[in-house]
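J.: Here you go, one structure.
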Amino acid sequence: MGNSSVLSIVFGIVATVFMAISYFTRGKFLLILFQALGNACITASFFVDSRFFAAAGVVVATVRMIVYGMITAKGKRIPWALIGAFEAVFITVFVITYINSPEPLDFMYLSGLLIVTALYRLDDPVVIKRVLLVPQTIYFFYELFSHSYGTLIETCVEVAAILIAVAFDFVRIYRARRRQQTQSVPSQDETDRKAVHKNG
């Protein structure tokens, strides 16, 4: 294994830590922050592997996450115009890199970037985590077929982290609903007391 491969894997592992943390945050701002840090490491890993569109795409994705984070911190929604602007940038970068170095697999990575860009229009972090499984699956196959093992490690762990986080969300939501149902349904003693009071 060459030095570049080792370096790529190191960047992938560091990215893994940031991405895994992001899926266990409850606030949308922290989710975006750790995603941005993870993206920076993924960029480095792709660059070492000479996957230049993916590297450039993740650079734009990192800027996107920072901008999204600033907007979200103010309590505002991501505007559609901004989403469209980033989508246009991704497509432009793709066309430029494809002309200079054609790589059909890059179509896969582009589709994942476009999905994630629109995804953060959603407000619910729980829903965001669930839908993120779609682009992550796309990234998995891209990295597998392109032999980008550093980022492949990160993606595998990230998908596992998303699944665990989604499971925790389901449990948390289920328990909250159970508590609401318990509080809204009167106990048998309360029912008996009301019946006695009514009949008395």
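J.: Report yes if Ile99 is closer than 27 Å to Ser5 by Cα and touching a residue at least 60 places away in the same chain (Cβ under 8 Å), otherwise no.
T.: No: the conditions fail for Ile99.
J.: Write out, first by first residue and then by second, each pair whose Cβ atoms fall under 6 Å of each other, whose residues are 6+ apart or on separate chains, and whose first residue, in segment 41-52, is among the charged types (D, E, K, R) while the second is part of a helix (DSSP H, G or I).
T.: Final answer for the pair search is Asp49/Ser8.
J.: Can you find, within segment 140-171, the residue that is modelled with the highest pLDDT among those that are part of a helix (DSSP H, G or I), buried (at least 19 other Cβ atoms within 10 Å of the Cβ) and hydroxyl-bearing (Ser, Thr, Tyr)?
T.: Tyr142
J.: Has segment 74-93 got at least one residue that is surrounded by 13 or more Cβ atoms within 10 Å (Cβ to Cβ), modelled with pLDDT under 95 and not β-branched (Val, Ile, Thr)?
T.: No: zero hits.
J.: Here are some conditions: (1) touching a helix residue (DSSP H, G or I) at 6+ places or on another chain (Cβ under 8 Å); (2) surrounded by fewer than 15 Cβ atoms within 10 Å (Cβ to Cβ); (3) among the β-branched types (Val, Ile, Thr). Ile96 meets all but one. Which one does it not meet?
T.: (1)
J.: Regarding Val127, is this residue in contact with a Leu (Cβ under 8 Å, 6 or more places away or on another chain), surrounded by fewer than 20 Cβ atoms within 10 Å (Cβ to Cβ) and over 26 Å from Leu7 (Cβ atoms)?
T.: no
J.: Quickly run through segment 59-82 and pick out the residues that are free of Cβ contacts under 8 Å to residues at least 24 places away in the same chain and under 19 Å from Leu33 (Cα atoms).
T.: Val59, Val63, Val67, Met70, Ile71, Lys74, Gly75, Lys76, Pro79, Leu82
J.: Mind listing whichever residues of segment 26-57 are surrounded by 17 or more Cβ atoms within 10 Å (Cβ to Cβ) and assigned to a loop (DSSP other than H, G, I, E, B)?
T.: Scanning segment 26-57 gives Asp49, Arg51.
The values are calculated or read from the model by the stated rules, or taken from the named source; none is laboratory data. Since the structure is predicted, the reported quantities are computational estimates derived from the model, not experimental observations. Every residue, glycine among them, receives a Cβ derived from its backbone with ideal geometry; neighbour counts consider all protein chains shown.
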